[in-house]
Amino acid sequence: MGLGNIWRFPYVCYRNGGGAFLIPYFVALFTVGIPLLIAEFSVGTLFRTSAPSALRRISKKAEWVGWWSVFVAFFISIYYCTIMAWCLCYLFHSIGLVWQPDASNFFFNIFLNQTSSPGILGNMNVQILLALLVIWTSIYLILYRGTKSIGKVVAITVPLPTILLIILMLRGLTLPGAMEGLEFYLRPDFSKLTAPSVWLAAYAQIFFSIGVAQGIMIAYSSFLKKKSDITNNAFITSLADGGTAFLAGFAVFSVLGYLAYQTGLPMEEIARGGIGLAFITYPTAIAEMPFAASFFGVIFFMALLTFGIDSA
């Protein structure tokens, strides 16, 4: 489970047929996601080593594939750690809802201090730099002790964001406009199932969310007991990931429905995914909440932060 569950799946789902998107999603899950996960679990359990070493033992010509997956995972981690640093900053900003009254202007011009061109370098952003140091140090300390420390951390960071999502969902469902937001999220448009782009989005979501073909699962499964039920583990992992993503949609779109109700804007203009959802749209909606807005802001960014730790 990772960041893709909360800021990518809900948006991809509504953009590609709403409830109808679950059909290609589960087809992709059972035809590619679970089989690849079983394959990676099998390789890791059999050879008890990392992806490059395991693939070298299968075929010397395949070792480079393992190293390529390591490099890909490294660069993805750089991206995730940056997002986590932003989430850490926003967690503290939530206390005073400092992004008001314009969350977009605050994020791009004040928080990021975005320049007018990629070729123009801005000044050093001290708060983001310090947050990055905290995140990278934390990740290093978690990994330094190996699977023992990872297991202890994951025992907290896996259930915690799910609990936080449930809190956000329950709060969202009590807000006016929530049902309209959920209808927008789940209303099936079966005509979109004929579009190849919808099926491509489903398969892309599986790779993005489960993390197959990156060598990560080979490394993790190398620590499984040899008599572990690999197939059962793969099914539980995949279905838990999909269930969390589906739950996140309720937490996201119930609150976006409330924002549409408050502002009078159509959902098409409000609904977005990725960074825009996490740092602009959702914070705007949180600031509109009638009470305990700061509390739910902290809850939201704590959920993002813990999802990011699981991803990294």
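Kindly evaluate V153 against the criterion of being in contact with a Pro (Cβ under 8 Å, 6 or more places away or on another chain), at negative phi and either exposed (fewer than 14 other Cβ atoms within 10 Å of the Cβ) or not charged (D, E, K, R) (or both). It is false that V153 is in contact with a Pro (Cβ under 8 Å, 6 or more places away or on another chain), at negative phi and either exposed (fewer than 14 other Cβ atoms within 10 Å of the Cβ) or not charged (D, E, K, R) (or both). From the list W99, W86, the one residue that fits, being assigned to a loop (DSSP other than H, G, I, E, B), at pLDDT 90 or above and surrounded by 18 or more Cβ atoms within 10 Å (Cβ to Cβ), is W99. For region 246-253, does any single residue satisfy the condition of being surrounded by fewer than 19 Cβ atoms within 10 Å (Cβ to Cβ) and under 30 Å from S104 (Cα atoms)? Scanning region 246-253, I find at least one residue that is surrounded by fewer than 19 Cβ atoms within 10 Å (Cβ to Cβ) and under 30 Å from S104 (Cα atoms), so the answer is yes. If you filter region 268-286 down to residues that are within 14 Å of G257 (Cα to Cα) and surrounded by fewer than 19 Cβ atoms within 10 Å (Cβ to Cβ), you find that the one that is modelled with the lowest pLDDT is R272. Within region 37-94, the residues that satisfy the criterion of being under 29 Å from S138 (Cα atoms) and among the polar types (S, T, N, Q) are T45, T49, S50, S53, S69, S77, T82, S94. When restricted to residues that are surrounded by 15 or more Cβ atoms within 10 Å (Cβ to Cβ), hydroxyl-bearing (S, T, Y) and over 23 Å from G274 (Cβ atoms), region 59-83 contains 1.
The values are calculated or read from the model by the stated rules, or taken from the named source; none is laboratory data. Since the model is a prediction, treat every value here as computed from it, not as a measurement. We place every Cβ from the backbone using ideal geometry, glycine too, and count neighbours over all the protein chains shown.
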